[in-house]
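Just so you know, all these numbers are worked out from the coordinates, no wet-lab data involved. Quick caveat, the model's predicted, so the values are computed rather than measured.
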Amino acid sequence: MAQINITLNQAEILQLLSNDKDEAFRELLQKSLNSVLQAESAEQLNAEPYERTIVRTDSRNGVRERSLKTRIGTLTLNVPRHRNHPFKSMIFENYSRSEAALIATMTEMVVNGISTRKVAKVVETLCGNSFSKSTVSDLCRDLDGAVEEFRNRPLQDAYPFLNVDATYFKVRENGHTVSKALLVAMAYNRDSKREIIGFEVCDTESNETWRGFLQRLKDRGLSGLKMITSDAHKGIIYAISKVFPEVPWQRCQFHFSRNILEDVPKKYQKGLASELTDMFNSTTLEEARSKRDSILDEYRDVAERAMNKLDNGFESAMTVMVLPESIRRFFRTSNSIERMNRELKRRSNVIGIFPNQQSVLRLMGSILIQLNEGYANRHPAVIGKKKWSAIEACTPKLAKIAREQQQLLLAA
């Protein structure tokens, strides 16, 4: 670790005190960062300036000025140059990956001539100066490599629970604006921590795109699955039946309720929503079935179509009842992946329309990497060894449900 010494003489201290607060902090930060750069240079060379030593690895070759945009103003840093090997600094490398991706994507929009005044203003605010095409290309290549490495990494852990979902982004293609689907897979590992294990951009959600997506997860090593949770998209259901026929599907209860309520007269919606929640919170499957039957009897006359949805989709929405009661709430909905998708949307709002499909993968992939790192650093869900043992004991029942679901699909 480089040792950093920052020295201010009396005149410099008095000057800082006489300046306004922002200017004083700017000058102090600029001097501090220049000291950091010199310390990093000495560490990489194994020698201080003018020091002769047998462990020296290279020679100094002057400095070059580089601007750094900060919240308190633009700093001018004196970046050391080395004669034979490039100098590297964590000051510039430590920008977050997603922020760098955002800058790269927005700048790419400017370069491709499809920017708006708003986007140009955001780029100016974030970057301070415009980027050259070569700088953008270098930045994009670095980001692409990190994203590809992350999304194609081997899956060596066991992942008992999987959530899958898709969200859409506007992309410019052949002079037109089209929607592209970002397929995402989030799983819980044996440490009870969430992990983003896969994502890819497709033209649309179809049987084959979802099947290919799940198959690639399996090829990378996805194993140990006990349950897959998602909404009732036909492509997802088809893909599960083909790639993981031995794994039962849990229909997201939140989406299921919403699907039911959309066919109910408004004056009945609040009451029915409360009764559905009570049904989902049942202690046993038998209790849930009894409450379902009561709901069917009560609302059949006023919302026949909604009651047919409830009757037909009930069993797939209650797969989670096989699990220990204390952990059902973690896996009965796809709310966690929905929240993640909302974050992706929020971060993409500044872009509006992406210049191409690769820029979607680049920016969203970088943000997913950042989110995944956050999941890894958080405390896991409370699933101790005893609960995992209880989950393992449920395996035969889960396998039976999977077989029943397969039979229903074949019959349909």
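Laid out as a table, the results:
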read-out: Three semi-axes of the equivalent ellipsoid, the range 136-252, Cα gyration tensor, whole Å, largest first; value: 26, 19, 11
read-out: P(r) weight above 18 Å for the range 311-412, C-alpha pairs, percent; value: 66 percent
read-out: Percentage, to the nearest whole number, of Cα pairs in the range 258-357 over 22 Å apart; value: 44 percent
read-out: Filter on K193/K270; K291/K385; K218/K386; K193/K234; K270/K345 - keep pairs with C-alpha separation over 31 Å; value: K193/K270; K291/K385
read-out: Inter-part distance where the range 224-240 and the range 323-361 are each reduced to a Cα centre, Å; value: 16 Å
